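Take a look at the structure below.
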Amino acid sequence: MVGGRWLASALVWHEGPNLVSVAHVGAAEVDLVEVAETLTLLDERGWSELMAAAPAPRGILGVWLEDVPEGGAVITEVLAGSGAAHAGLLAGDVIVRVEGEPIETAAQLKDRLEGLRVGNLVRLTVVSDSAESTVDATIGERP
């Protein structure tokens, strides 16, 4: 103990405006009063409220992709039961826009979908057999 603070490896709770999260601090100074207050807060809220405040898990569209030389991302495989499958997407379809914004590569599409959570809807513009259409797909859970 150094000056009322411990040098320790610890889990520390952080409470933001709409979020309670856990971060591992590693070997760092930890204020024991702050830890005790946090544990009291956890006890007062209970685990169910803590879990309800936790961020939703990241989801998936449920497709495997490759780049298209002309721009876009071609679907090479669709995961059965995924949001992509329910939206009617098929292998060979080319995704050219997400929420109206053009997609040039598969990596760019993945970046655009990165922050979406399970249950979010995403609007995709798809070229299939030379015809362009727009579909709404629901982001699903990771298997």
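Read-outs throughout are calculated quantities, based only on the coordinates presented, and are distinct from any laboratory measurement. Quick caveat: nothing in here was measured; it's all calculated off a predicted structure. A quick note on method: Cβ atoms are made from the backbone with ideal geometry, for glycine too, and the neighbour counts reach across all protein chains shown.
Structure data summary
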quantity: Fully extended contour minus Cα-Cα distance, from ASP67 to SER130, at 0.36 nm per residue; calculated: 21.0 nm
quantity: Peptides ranked, highest mean first, by Cβ atoms within 10 Å: ranges 70-81, 112-123; calculated: 70-81, 112-123
quantity: Relative contact order %, segment 63-138, counting alpha carbon pairs below 8 Å whose residues are six or more apart; calculated: 29 percent
quantity: Total formal charge among the other residues, if their Cβ is under 13 angstrom from that of GLY92, Lys/Arg +1 and Asp/Glu -1; calculated: -4
